[in-house]
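The values are calculated or read from the model by the stated rules, or taken from the named source; none is laboratory data. A quick note: this is a predicted structure, and the numbers were derived from the prediction, not measured. Positions of Cβ are backbone-derived with ideal geometry, glycine not excepted, and every protein chain shown enters the neighbour counts.
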């Protein structure tokens, strides 16, 4: 996966995908809810999930989980530090710096030194950091591509290459980067589609065999409006955004042209948002509304025929307590009261007719 895709998909709206879903379990006596958690426990659970994704090299989902943890608990220093480390690992120093800049304003005084220590580890900003991403002016005295900064900005994190060669168009902008392995074979190459002024319109990364690993398409404002990421087996995803960079749709593929599921998103003026998931045939699987803090307000699960199976409504109180109301066929079947520590303090069940 091209590390630059990770950069473009860092929008906080991605918290939707990693939002905390209620786990349901079918039992002989009915349906019960498990895994209650208050804000601190929910954030801790997202951190555990993020670390799992990092161990699996699934950096895309790790970023989502870290950002979700921060949304739930804005003072969680570990979430900021680990997210910054992940961005540094993928070569995105600018985003790591932004994460730490935000952290130093949010964390407690006791954690501020940890944030400042991490800031001190970042390389100093220089003029090359401000150059348009994916482009570089031609240096007439050097036709080997050295006009581009030779750093991880142009080297996907999964690359084993030790040599890169850049090709330029007549206007002096990079149009192709080829990365070679020590034995001289091609590890991967990147095609840059730029306008006459060097503005990046699209970037596509290919394997040495010519398979597309990833692709990003940009609008006139430099915002990603479509990104693609696929493995050698054809599995992967396509993500679509509006011109403001807000997420519209994500489609997952299990193989070449084989849609496994897709998600659609909607954002509201009050800061809340919804996500709906669908089967490949278009029948709905789930629907969830989350408030501006990333907390579930409504969560619905559908049967395979598209009819509603069960749904929950959530109420949150200023003292940190919660109430979860479970419905089945528009009838309340259970109400749970949760304290600020995430403990179940009362459950009321309503037997059926």
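Per the conditions (1) under 24 Å from residue 333 (Cα atoms); (2) in contact (Cβ under 8 Å) with a residue 60 or more places away in the chain; (3) not in a strand (DSSP E or B), the sole criterion not satisfied by residue 293 is (1). Just one of the numbered conditions (1) closer than 26 Å to residue 65 by Cα; (2) touching a strand residue (DSSP E or B) at 6+ places or on another chain (Cβ under 6 Å); (3) modelled with pLDDT of 90 or more is not true of residue 296: (3). Can you tell me which residue within the stretch 299-308, out of those that are touching a strand residue (DSSP E or B) at 6+ places or on another chain (Cβ under 8 Å) and either outside any strand (DSSP E or B) or surrounded by fewer than 16 Cβ atoms within 10 Å (Cβ to Cβ) (or both), is modelled with the lowest pLDDT? That would be 306.
So for the stretch 251-271 (the condition being surrounded by 18 or more Cβ atoms within 10 Å (Cβ to Cβ), in a strand (DSSP E or B) and modelled with pLDDT under 90), does at least one residue qualify? Lay out the reasoning, then the answer.
In the first step, residues of the stretch 251-271 are kept if they are surrounded by 18 or more Cβ atoms within 10 Å (Cβ to Cβ); the result is 251, 253, 262-263, 265.
Filter once more, keeping what is in a strand (DSSP E or B): 251, 253, 262-263, 265.
Filter once more, keeping what is modelled with pLDDT under 90: none.
No: the stretch 251-271 contains no residue that is surrounded by 18 or more Cβ atoms within 10 Å (Cβ to Cβ), in a strand (DSSP E or B) and modelled with pLDDT under 90.
Of the candidates 101, 142, 117, 146, the single residue that is modelled with pLDDT of 55 or more, surrounded by fewer than 16 Cβ atoms within 10 Å (Cβ to Cβ) and either out of contact with any helix residue (DSSP H, G or I) (no Cβ under 9 Å at 6 or more places or on another chain) or closer than 24 Å to residue 57 by Cβ (or both) is 117.
Going through 72, 64 one at a time, which residue ends up being under 30 Å from residue 335 (Cα atoms) and at pLDDT 80 or above? Working first, answer last.
Details: 64 fails: under 30 Å from residue 335 (Cα atoms).
Sole residue among the options that is under 30 Å from residue 335 (Cα atoms) and at pLDDT 80 or above: 72.
In this structure, residue 291 qualifies as surrounded by fewer than 19 Cβ atoms within 10 Å (Cβ to Cβ) and under 21 Å from residue 42 (Cβ atoms).
Do we find a residue being modelled with pLDDT under 50 and touching a helix residue (DSSP H, G or I) at 6+ places or on another chain (Cβ under 8 Å) anywhere in the stretch 158-179? Checked the stretch 158-179: no residue is modelled with pLDDT under 50 and touching a helix residue (DSSP H, G or I) at 6+ places or on another chain (Cβ under 8 Å).
Among the residues of the stretch 218-250, what is the count of those that are in contact with a helix residue (DSSP H, G or I) (Cβ under 8 Å, 6 or more places away or on another chain) and either outside any strand (DSSP E or B) or under 17 Å from residue 276 (Cα atoms) (or both)? Step through it out loud before you land on a result.
From the stretch 218-250, those in contact with a helix residue (DSSP H, G or I) (Cβ under 8 Å, 6 or more places away or on another chain) are 224, 227, 229, 246-247; that's our starting set.
Going one step further and asking which of them are either outside any strand (DSSP E or B) or under 17 Å from residue 276 (Cα atoms) (or both), we end up with 246-247.
Number of matching residues: 2.
Please go through the stretch 261-285 and give me each residue that is farther than 28 Å from residue 221 by Cβ, free of Cβ contacts under 8 Å to residues at least 24 places away in the same chain and under 20 Å from the mean Cα position of the chain (by Cα), ordered by number. Those that are farther than 28 Å from residue 221 by Cβ, free of Cβ contacts under 8 Å to residues at least 24 places away in the same chain and under 20 Å from the mean Cα position of the chain (by Cα): 277, 278. Got a sec? Which of 192, 173, 241, 168 is under 28 Å from residue 264 (Cα atoms) and touching a residue at least 12 places away in the same chain (Cβ under 8 Å)? Checking each option against the conditions leaves just 241.
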